[in-house]
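Participant: To start, I am sharing the structure in question, which I have written as structure tokens.
Please treat every number below as a calculation from the coordinates, not as lab data. Computed from a predicted model, the values in this text were never measured in an experiment. Ideal geometry is used to build each Cβ from the backbone, glycine not excepted, and the neighbour counts take in all protein chains shown.
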Amino acid sequence: MLITRLLETGSIVPLPKYKNCYLATSSPSDVARVESKTFICTADRREAVNVPKAGVKGQLGNWMSPEDADAAIAERFPGCMKGRTMYVIPFSMGPLDSPYSKIGVQLTDSAYVVCSMRIMTRIGNQVLEKLGSSSSEGYFVKALHSVGWPAEGHPAQRSQWPCDPERTIILHKPEINEIVSYGSGYGGNSLLGKKCFALRIGSSIARREGWLAEHMLILGITDPKGTKRYVAAAFPSACGKTNMAMMRPTLPGYKVECVGDDIVWMRFDQKGQLRAINPEFGFFGVAPGTSRTTNPVAMDTVFENTIFTNVARTSDGGVYWEGMEDPEPGVTITDWLGEPWTPGSTKPAAHPNSRFCTPASQCPMIDPHWESPEGVPIDAILFGGRRPKGVPLVYEAFDWKHAVFIGAAMKSEATAAAEHKGKEIMHDPFAMRPFFGYNFGHYLQHWLSMETAVPNVKLPKVFHVNWFRKDDQGKYMWPGYGENCRVLEWILLRIDNEPGTAVPTPIGNVPTREKFDLEGIQVDFDGLFDVPVDFWKNEIEEIAKFLYDQVDEDLPEEIKEQIDNLLKRLNSQ
Ligand code: GDP
Ligand code: PGA
Ligand code: MN
Ligand code: MN
């Protein structure tokens, strides 16, 4: 068994406190996605990435010519797996019996990757059988991965976590549905079904086929009357998708069930209903901050059949991370780098981007329809991010074009999920900045075209949420987590077109006080929903500059109109 091999080589250690759980600790230079080394390779540059104005550095993806990509591959791959085992993993993104699913085959020289792919995707003979059947046209995405170590002429890294950070490169060829990833074992760079296939190659297939591949969670929410709705939500990495997907609502009578926590594939059916599947089979979730109080459901999911990466270890064979309940007295902690750790230590015990990789089927609130081949019906889409200032708890788009503009204008504080440093507020349109598989201008056009995707299209309502607004003392103004169901309750009222629920502001509709349930919590309603005009004038100016600079000739007229309209609304305040 591969686990035994990983244990023998010291790549993972057992966690005897739990059932079938293991801990891997990576090289300190291989802990997150590397956006700067990730490329989309097409013959025509403008297909792959938006072309910024002269002198402006593009922020929405990197392009490489197929020739340069092939040269990069030729420099790295020959002999790179010499003397080691290469594994072949046929995998399905999406339930095997779903017409929306797609198949991939990954080659890799990492047993850690095989064990993780087995959790994150549906793998094995069942996939090969489907691939061989006529209905799937024998078509699959080719995914090649090597950790790139030991490579001739390149010095040894830590042998427990082979990688080649200096020469890491992640290449996507959407025209021929191929992925080549070299040098990194970190999940987002090495589990090629996830970001590389389901988002980058996926979004490009989706454009051709008329659907959407997005960085979104999916949840089902049942109200006290028993009506169930599904909602999808796009937040940048480490901004709350997994938590929201597993939310335990604090309002009585509500029930939330989880369909997926990171990626959605969705399309309008012939009746005009938007339907979504989760192409994944597991959760690759951020560990720090996960606790009995913040996310009890995750805590009930992850202590069986789970691979942890870069969390801290306890002397009683368990795991520990920042925000988790303290271990029992007498239990000592070893940090993710293998050093003794105490609460007084200046460095974190777990890496801020440490992760659990766990089967979705173990989630106690997994939705009964999470593997439905036809997908679940989506009635609302949420966009959101970490916005300490100026952005209300929730606001609603006026219409579809405005909704697409809100997605395009998304920004969020940088997190540990990628290589960015500090807490800079970055543009992250649709939470897809690191994941676009094609030109963002074309992507906007594709989203706009959904308004007429099918006759009788039933467009979902679209909202922007922000759990992360801070007061002048720097404290979060909103309790978040399970209390976010109060926002969902209001969203359900909006879906049902309840009268008296919203008032317009220049940026969108916000809740009326009467129809927003604050019973049992102490919050500053006015502060949470304030739309400061000066802040927003600056904001729109900055967003307009970003979109014009970055997307330039490919910026759709509809988006330019949205910018002008918002400016007019702000100026008439
Ligand atoms: P994902 O990467 O988008 O899936 O984000 P996660 O759900 O893993 O959350 C990332 C981090 O944000 C964790 O440390 C969470 O504890 C924290 N977080 C999630 N939801 C909330 C919330 O509603 N309020 C606050 N303050 N933090 C949250
Ligand atoms: P996340 O997924 O969105 O849950 O952080 C991993 C990633 O985006 O790198
Ligand atoms: Mn993600
Ligand atoms: Mn997540």
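Participant: Got a sec? Charge dipole of region 296-339, +1 on Cβ for Lys and Arg, -1 for Asp and Glu; which of 299, 329, 309 is way out at the positive end?
Facilitator: It is 309, whose Cα lies furthest towards the positive end.
Participant: From Cα pairs below 8 angstrom and at least 6 apart in sequence, can you work out the relative contact order of region 377-437, rounded to a whole percent?
Facilitator: Across region 377-437, relative contact order equals 30 percent.
Participant: Give me 371, 8 ranked fewest to most by other Cβ atoms within 10 Å of their Cβ, as a rough exposure proxy.
Facilitator: 8, 371
Participant: Using all Cα-Cα distances in the chain, what percent lands in each 20 angstrom bin from 0 up to the longest?
Facilitator: Going out from 0 Å in 20 Å bins, the chain shows 21, 57, 22, 0 percent.
Participant: Right, something else. Would you work out which of 191, 218, 201 lies farthest towards the positive end of the dipole of region 163-225? Charges go on Cβ: Lys and Arg +1, Asp and Glu -1.
Facilitator: After comparing all options, I get 218.
Participant: Roughly how big is region 56-135's charge dipole about its Cα centre, with Cβ charges of +1 (Lys, Arg) and -1 (Asp, Glu), in debye to the nearest 20?
Facilitator: With Lys and Arg at +1 and Asp and Glu at -1, about 280 debye.
Participant: Follow-up question, since we're still on this one. Work from the charge dipole of region 374-450 (Cβ charges, +1 for Lys and Arg, -1 for Asp and Glu, about the Cα centre) and give the residue of 443, 383, 418 farthest towards its positive end.
Facilitator: 418
Participant: So how strong a dipole does the chain carry about its Cα centre when Lys and Arg Cβ are +1 and Asp and Glu Cβ are -1, to the nearest 20 debye?
Facilitator: 520
Participant: Looking only at the chain, where both bridge partners belong to it, what percent of the DSSP beta bridges are antiparallel (to the nearest 5)?
Facilitator: 65
Participant: In deg cm²/dmol, rounded to 500, what helix-only [θ] at 222 nm does the chain give when every DSSP H run of at least 4 residues adds -39500 (n - 2.57) and the total is split over its residues?
Facilitator: -6500 deg cm²/dmol
Participant: Arranged from highest to lowest average of other beta-carbon atoms within 10 Å per residue, in what order do the peptides 211-221, 10-20, 470-480 appear?
Facilitator: 211-221, 10-20, 470-480
Participant: Give, as a single signed number, the net charge of other residues whose beta carbon lies under 11 Å from the beta carbon of residue 281, with Lys and Arg counted +1 and Asp and Glu -1.
Facilitator: Every neighbour counted, the sum reads +1.
Participant: Run the dipole for region 319-442 about the Cα centre, Lys and Arg Cβ at +1, Asp and Glu Cβ at -1, nothing else charged, and hand back the magnitude in debye, nearest 20.
Facilitator: 660
Participant: Considering Cα pairs under 8 angstrom that are at least six residues apart, work out the relative contact order of the chain and quote it in whole percent.
Facilitator: The value is 17 percent.
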